[in-house]
Amino acid sequence: GTGYPRRLVGDQMSLAAKMMVIADIFEALTASDRPYKKPKMLSEAIAIMGYMEKDHHIDPELFRLFLSSGAYLEYAREYLLPEQVDEVDIKQYV
């Protein structure tokens, strides 16, 4: 994207920073404690992030790892509202 917050992009970012970008986006999309927006369903959040990956806003390898490792689902089961956790077909993204 725009390299938020320090205007760094791609190779200018550390691996940890790229991981944090994915975690931050996922949390922002699914957060249920924000009065200005409804939380996204799990499948909606992953679909949006899939578009972001295609548009080179997030690291494709790390996004695939986020999905294939099951980290997204582990987080969802622990922190999302039960009604947010729907089926996600990750095959189209990994």
Given the protein chains as shown and a 1.4 Å probe, how many square angstrom of residue 75 are accessible, to the nearest 10? 70
Taking all protein chains as present, what is the carbon and sulfur share of the accessible area of the chain, in % to the nearest whole number, probe 1.4 Å? 54
Going Cα to Cα from residue 91, which aspartates and glutamates come in below 16 Å? Please leave out same-chain ones fewer than 8 positions away. 44, 53, 61
Compute the Rg/Rh shape ratio of the chain: radius of gyration over Kirkwood radius, all on alpha-carbon atoms. 0.96
Between 0 and 90°, nearest 10: helix 15-30 axis offset from the chain longest Cα axis: 30
Could you state how much accessible area residue 24 has, in square angstrom rounded to the nearest 10, with a 1.4 Å probe and all protein chains kept in place? 90
Solvent-accessible surface ranking, highest first, for 94, 85 at 1.4 angstrom: 94, 85
Which order do 41, 20 take when ranked by solvent-accessible area (1.4 Å probe, heavy atoms of all protein chains), largest first? 20, 41
Give me a comma-separated list of calculated 3J(HN,Hα) values for the stretch 63-77, in order, Karplus coefficients 6.51, -1.76, 1.60 applied at θ = phi - 60°, integers in Hz, x for any Gly or Pro. 5, 4, 5, 3, 7, 5, 6, x, 4, 4, 6, 4, 4, 4, 5
Considering the dipole of the chain built from charges on the beta carbon (Lys and Arg +1, Asp and Glu -1) around the Cα centre, which of 22, 36, 49 is farthest to its positive end? 36
Residues of type aspartates and glutamates that residue 40 reaches as a straight line, Cα spacing below 17 Å, ignoring anything fewer than 8 places off in the same chain: 24, 27, 74, 78, 83, 86, 87, 89
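So, for the chain, what is the accessible surface per residue at a probe of 1.4 Å, expressed in square angstrom?
70
The values are calculated or read from the model by the stated rules, or taken from the named source; none is laboratory data. What you are looking at is a predicted structure, and each value in this text was computed from that prediction instead of being measured. All Cβ positions, glycine included, derive from the backbone under ideal geometry; neighbour counts span all protein chains shown. Calculation scope for accessible area: heavy atoms of the full protein, side chains included, ligands and nucleic acids excluded. Shrake-Rupley method; radii C 1.70, N 1.55, O 1.52, S 1.80 Å.
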